[in-house]
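Every read-out reported here was derived from the displayed coordinates using simple, explicitly stated rules and does not represent laboratory data. Bear in mind the structure is a predicted one, so any value in this text is a computation, not a measurement. Every residue, glycine among them, receives a Cβ derived from its backbone with ideal geometry; neighbour counts consider all protein chains shown.
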Amino acid sequence: MLEIERRLEAERLAALENLEKVQDQAQLDQWKQNHLGKTSVTMSAFGQVVTVPNEERPAFGKAVNAAKVVLETALAGKLALIKQKELEARMSQGTIDVTLPGRGLRRGRIHPLNLTAQEIYRVVGQMGFQIYQSPEVETDDFNFTFLNIPPHHPARDMWDTFYTDKDNIVLRTHTSPGQIHAMREYCPQPIRVILPGACFRYEQQDQSHEIEFMQVELLAVDKGITFADLKGTLQDFARRMFGEQTQIRLRPSYFPFTEPSAELDVECFVCGGKGCGVCHGGGWLEWGGCGMVHPRVLEYGGYDPEIFTGFAAGMGVDRATLLRYQVDDIRYFRNNDIRFLEQF
Ligand SMILES: [Zn+2]
């Protein structure tokens with residue numbers, strides 16, 4: 001072993017021993033100057049590489065470098081320890097460390113589903129409808145029976161329902177139970193309400209299905225309301241939402257709580273009815289379901305169906321939002337990925 005290597009080894013041991021005695025930042029700075037400064041044994045050894053015979057140079061260079069790395073690593077470890085000690089000392093004195101950077105407040109945004117819902121509220125509000133909230137957890141009677149879907153009736157299979165372990169308590173599968181709550185509260189006055197909120201169905205989740213989704217539902221009850229009122233209201237609603245030229249289309253359908261019933265389509269607002277990818281070339285988008293309130297539902301709500309009539313129309317807010325912002329997967333709305341939500 002060369003003399004210089006022996007000196008390096010002795011220096012390394014001495015340096016590490018000295019480091020043990022270092023107590024604060026000032027002593028550490030001094031240590032750094034002594035053992036890793038330009039004139040220190042280790043650093044000046046780099047300059048002596050020219051004095052080493054050629055064949056020993058690689059081994060020598062490696063040894064000097066290793067010695068330097070050992071000291072630098074020890075220095076970094078000690079520095080972290082001193083910082084930690086200083087922090088603990090300050091904390092134990094109970095003073096606030098104003099040198100720590102604070103956590104900035106992030107600006108929140110309105111969720112895209114609520115943006116769509118707010119737009120709907122704004123439009124129907126102008127048309128004289130008021131918001132009526134009702135529970136998301138319902139009894140079997142409100143979710144089914146009072147909506148003309150008696151126990152054991154096959155129509156119940158139209159909804160994949162979350163039943164709870166409490167007798168007759170379900171998560172509502174639609175906002176329609178709110179119809180009964182509103183009618184019982186306002187009977188015998190006329191009603192014009194919009195029923196919004198979360199609904200739940202036990203469905204396989206995919207791009208266009210979620211177990212939770214948001215629905216809004218219009219309900220009007222009064223003397224002399226006809227199907228023409230339903231159609232006119234929906235046409236007006238669509239024009240206010242999507243533009244003056246927007247057309248709607250009603251297709252005969254079946255729902256237990258309305259008679260007659262119809263599917264509601266709106267002219268594709270992407271292509272204006274010409275046909276595009278969003279409307280799958282047909283020019284129409286499925287928007288919701290509607291119909292005249294079934295006489296039995298009016299009765300359950302307390303209204304005499306011989307005197308009163310009404311209409312109801314429901315639509316999915318999730319689906320409307322998918323279309324509105326051209327989002328390709330409904331599951332984005334509820335998985336709370338900030339990268340997605342920040343775009344609205
Ligand atoms: Zn289209």
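Annotations
- Between the listed residues 93, 182, 31, the Cα displaced farthest toward the positive end of the dipole of the chain, a dipole computed from Cβ unit charges relative to the Cα centre, is found at 31.
- Considering only beta bridges that DSSP places wholly inside the chain, some 95 percent are antiparallel.
- On Cα atoms only, tilt of 57-92 relative to the major axis of the chain in degrees: 60
- In straight-distance terms, cross-link reach from residue 223 covers every one of the aspartates and glutamates whose alpha-carbon lies under 20 Å from its own, apart from those fewer than eight places away in the same chain; here that gives 185, 259, 299, 304, 306.
- Loop-located trypsin sites (Lys or Arg not before Pro) in region 7-45 whose Cβ has at most 11 other Cβ within 10 Å (DSSP): 38
- Eigen-decomposition of the gyration tensor built on the alpha-carbon atoms of region 1-79 gives equivalent ellipsoid semi-axes of 25, 11, 10 angstrom, largest listed first.
- Greater than 19 Å apart at Cα, pairs in 38/83; 32/62; 21/85; 21/83: 38/83; 32/62
- 10 Å-binned pair-distance histogram of region 112-341 (Cα, whole percent): 8, 32, 37, 19, 4, 0
- Cα centroid of region 148-164 to Cα centroid of region 314-344, whole Å: 28
- Here the peptides 173-182, 281-290, 105-114 are ranked by packing, the mean other Cβ count within 10 Å, and the order with the highest first is 173-182, 281-290, 105-114.
- Relative to the longest principal axis of the Cα atoms of the chain, helix 177-186 runs at roughly 60 degrees.
- Taking the DSSP beta bridges with both ends in region 126-258, the antiparallel portion is around 90 percent.
- Based on DSSP H segments of at least four residues, each scored -39500 (n - 2.57), the chain has a per-residue ellipticity at 222 nm of -12500 deg cm²/dmol.
- Rough spin-label spacing in nm, given labels placed 7 Å along Cα→Cβ, for residue 17 and residue 227: 10.4
- Of the trypsin sites (Lys or Arg not before Pro) found in region 255-331, the ones in coil according to DSSP and having at most 14 other Cβ atoms within 10 Å of their Cβ are 274.
- A DSSP coil position with no more than 16 other Cβ atoms inside 10 Å describes the following trypsin sites (Lys or Arg not before Pro) in region 122-204: 166.
- Put simply, region 207-301 fits an ellipsoid with semi-axes of 26, 17, 12 Å; these come from the alpha carbon gyration tensor as the roots of five times its eigenvalues, largest first.
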